[in-house]
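Just so it is clear, none of the values below were taken in a lab; they were calculated from the coordinates. All values reported here derive from a predicted model rather than from experimental measurement. Because the Cβ atoms are built from the backbone with ideal geometry, glycine has one as well, and the counts that use them run over all protein chains shown.
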Amino acid sequence: MTTSTTPPSGSAQASVPPPTTLGEEILLLSLDDTTGEARLPLRTPYAIAAAALLERCLSGATADVVLPEDAGKWLHEHRTREYETALRGVLDKGLIREEKRRVLLVFRTTRYPEADGTAESALRGRLAKVVLEGAEPDPRTAALISLLHHGDLHTLVFPDAGSEESPARRRMAEIAEHHWADPALRRMAETAAATAAALTAATMVMTVVVITTVT
């Protein structure tokens, strides 16, 4: 007698979200589920580029991994490529879908609404347990929270975290500073994320200057 080992349709096994990188997680958090529009588009690419550096540490021996000699230059030069890598990753995993539209019959736009919410739902639940319920973060979660904190991307996860007095924002700052199993990994996270934050601020200032000049 042969016993089938195929799990039934709709089982828990079928709903397990695919593994995602730190960059892919930041991207998922930044995209509006319904419209597919990117939120905080100036800051997010730098955070995703910084996430690529941290992935090197999290996937191997920290002592054998070093940041580029000029981290700022690397982040600036690789932000678009790393963003596109993360975008392709979540597309290939079926978590978002690509929608091309034409605006006013002239301008073409591309949006990425949600296709499968299991990964983002699990991610938001994990972050809520750590930030809102006080659970201890694992190294990957601590790295992600550090990137979100230093990149000023708090509101991608917690809409009320825009204020400095927000409990969620204070908890994220605490994790970014203290909750690291490996001190060397913490230093690399701080360096990468802080550099991304500085470059984002500089880009935003330059954008304001250009707009002011044009108008």
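Take each of the peptides 43-55, 80-92, 145-157, 22-34, average the number of other beta-carbon atoms within 10 Å over its residues, and list them starting from the highest.
43-55, 145-157, 22-34, 80-92
Give the cross-link partners of LYS100 among the aspartates and glutamates, using a straight C-alpha distance below 15 Å as the criterion and excluding same-chain residues fewer than 8 apart.
GLU37, GLU114
Starting from 0.36 nm per residue, how many nanometres of slack lie between LYS93 and LEU40 once their C-alpha separation is accounted for?
The LYS93-LEU40 span can extend by a further 16.8 nm.
Any idea how far the Cα center of the stretch 126-141 sits from the one of the stretch 156-174, in Å?
13 Å
What FRET efficiency would be calculated for the residue pair GLU177, ARG81, taking the C-beta separation as r and a Förster radius of 25 Å, to the nearest 0.05?
E between GLU177 and ARG81, to the nearest 0.05, is 0.25.
³J(HN,Hα) across the stretch 121-136 via Karplus (A = 6.51, B = -1.76, C = 1.60, θ = phi - 60°), whole Hz, x for Gly/Pro?
For the stretch 121-136, the Karplus-derived couplings read 4, 5, 5, 5, x, 5, 5, 5, 4, 6, 7, 8, 9, x, 5, 6 Hz, x marking Gly and Pro.
For GLU136 and SER15 in the same chain, what is the full-extension length gain: residue separation times 0.36 nm, less their Cα-Cα distance, in nm?
Working it through step by step, the gained length comes to 41.0 nm.
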